[in-house]
Amino acid sequence: MTDETMTDETTIDETTIDEIRPVAPSEAGFLSPAPTTCAYESTLVGRLDVDALATSFAALRWHHPALDASARPGDAGWVFVSADRGDDGVCASGAPFTVETVAELPEPAPAPVVDPSRSLAALSVVTSGDRHRVTLAFNHAAADAGTVIGLFDELWSGYAQALATGSVADLPPVEFPRSAEGLIAARGIRVGTDSGRERVEGVRWYGAMPVGTSTGPCLPDVTSLRFSPEVTARFARAAEDHGMSALLSGVLLSAERAGFVDEPADLPIRVGALTLVDMRRRLGEPVDPTSVTNLVAASFAAVDLTTAPTSDPAAAVAAAIAVGAEVAGNIRPDLQAGRCLAAMVGPTEPGPAVQEAAEQTPIAPAEPAITLSNLGILHIDLPDGLVYEDLRPRMTLDSAFLHIPPDAGLPRLPAPVATIYQAFTVAGRLAVEALTLGGATSPQARAAIADRITFLVGAAAEYALPAQK
């Protein structure tokens, strides 16, 4: 491969010691033009000791100063900035911890939003009797799902200590996490320019940039699906011959075709997929989840989809299995060839030859690919007296800045991202979170897709049984 070493390390003037490091290219898109929040939200039943949770969160902030850090624009781009600590090491500002008591937990839960100009993280508790919603949120520039779930686990471990002893073991502060570019440079890994992104050229998506004006934040539209333990167990058995990620990819991508509500069911439509791949165990020595901000790469694929047959479960799930196999078949070769890394930290601007060709042959704006992420089995040990009702990832972006004025006279413009899927299993139940930018999709399209996912999961659980060995 033709390659170059990526790095985010630069020398910082000693007179600006509050600056930790510049924000890397792989991180900057989560700060501007609007910040993106990623979080884990747990709904719990039982007795929650808020004081013990506060003690654990204080210990977490001490051990991970990144929670109290912030981000701000600098002369040469965004920079991460450390929080002020007093002589006793205590940070008076930094990551907030909020507690609210309500008569009933709101459904759906409000989207978590972290203001990175104040801190990079926040912990919130909403409590109603013996039901509680605890959410640990981060600005996405400083953490991905792997980071947040690792910190959430540490928070609850500290909570158990605080319950038992009244305090949490004092651990020394760790360094601010590296970016993907910084880690790759430190390990001497070279990154090429071939990402495989050309595979999704010419794909379509049913959503678009919203038209209208917004008087306030425009937060994502989210569909949350949960399946029974019985269906989950049969679905897992069905995945034995195909792989869980492959079967999930086939189901979710096939269901997206239902979002084209005005198109004939038998019309093939080419849809793109961007499968996320956690690289923490794929770069030699395993990477601690909290030592790097974002280390998720991508593999691209495109498939032609219809929604026919609409009512034959066995045939529909067979088609979904074929779609999943096609998508999953790219991942291993992409990892071996370095294309996944190039998609994560490679050049974001086209080269001169591509730019020249584009100028000579103008094309319509590219449609986005659907993001597929299998988070696996989510589990965090809780102390006696608390049990999970639910645990789920959250992602929040205010997309009001994308709205097209009604009188602009502009044609339909593609949205910058398509549906983001996060699939996982929690407490023995298969779960799917489907997120689209606020206003980018219609309620009819989202409902049609949710119905199709439910149909295909049930069909797979019923008909896609593993071959007899």
*Across region 315-344, what is the total count of residues that are in contact with a strand residue (DSSP E or B) (Cβ under 6 Å, 6 or more places away or on another chain) and assigned to a helix (DSSP H, G or I)?*
10
*Options Ala109, Ala52; residue that is at pLDDT below 95 and either closer than 23 Å to Leu151 by Cα or of a type in the set (Lys, Arg) (or both)*: Ala109
*Select from region 288-337 the residues that are among the aliphatic types (A, V, I, L, M), surrounded by 21 or more Cβ atoms within 10 Å (Cβ to Cβ) and over 22 Å from Val203 (Cβ atoms) and list them in ascending order.*
Val292, Leu295, Val317
*Scan region 150-191 residue by residue and report those that are in contact with a Pro (Cβ under 9 Å, 6 or more places away or on another chain), crowded, with 21+ Cβ neighbours inside 10 Å and among the small types (Gly, Ala, Ser).*
Ser179
*Filter region 260-295 for residues that are within 25 Å of Pro443 (Cβ to Cβ) and out of contact with any strand residue (DSSP E or B) (no Cβ under 9 Å at 6 or more places or on another chain) and give the result.*
Val261, Asp262, Pro264, Ala265, Asp266, Leu267
_Candidate set: region 161-195, residues that are touching an Asp or Glu at 6+ places or on another chain (Cβ under 6 Å) and among the small types (Gly, Ala, Ser); chosen: the one modelled with the lowest pLDDT_ = Gly192
*When you go through Glu27, Glu104, Glu19, Glu41 one by one, which is the residue that is at pLDDT below 95 and of a type in the set (D, E, K, R)?*
Glu19
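Evaluate region 120-140: report whether one residue or more is in contact (Cβ under 8 Å) with a residue 40 or more places away in the chain and within 21 Å of Gly338 (Cα to Cα).
no
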_What's the number of the only condition in (1) in a loop (DSSP other than H, G, I, E, B); (2) within 21 Å of the chain's Cα centre (by Cα) that Phe300 fails to meet?_
(1)
*Which of (1) closer than 14 Å to Phe97 by Cβ; (2) at pLDDT below 95 does Ala137 not meet, given it meets every other one?*
(2)
*Report whether or not Gly272 is of a type outside the set (D, E, K, R), assigned to a helix (DSSP H, G or I), at pLDDT 95 or above and out of contact with any His (no Cβ under 7 Å at 6 or more places or on another chain).*
no
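Go through region 246-278 residue by residue and tally those that are among the basic types (Lys, Arg) and either surrounded by 24 or more Cβ atoms within 10 Å (Cβ to Cβ) or outside the structural domain of Ser299 (by TED's automatic domain parsing) (or both).
1
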*Would you mind stating whether Ala450 is modelled with pLDDT of 95 or more, within 18 Å of Pro108 (Cα to Cα), in contact with a Leu (Cβ under 9 Å, 6 or more places away or on another chain) and crowded, with 20+ Cβ neighbours inside 10 Å?*
no
*Mind listing whichever residues of region 24-57 are surrounded by 18 or more Cβ atoms within 10 Å (Cβ to Cβ) and either at positive phi or in a loop (DSSP other than H, G, I, E, B) (or both)?*
Ala24, Phe30, Leu31, Pro35, Leu48
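The values are calculated or read from the model by the stated rules, or taken from the named source; none is laboratory data. On a predicted model such as this, the values are computed, not experimentally measured, just so you know. A quick note on method: Cβ atoms are made from the backbone with ideal geometry, for glycine too, and the neighbour counts reach across all protein chains shown.
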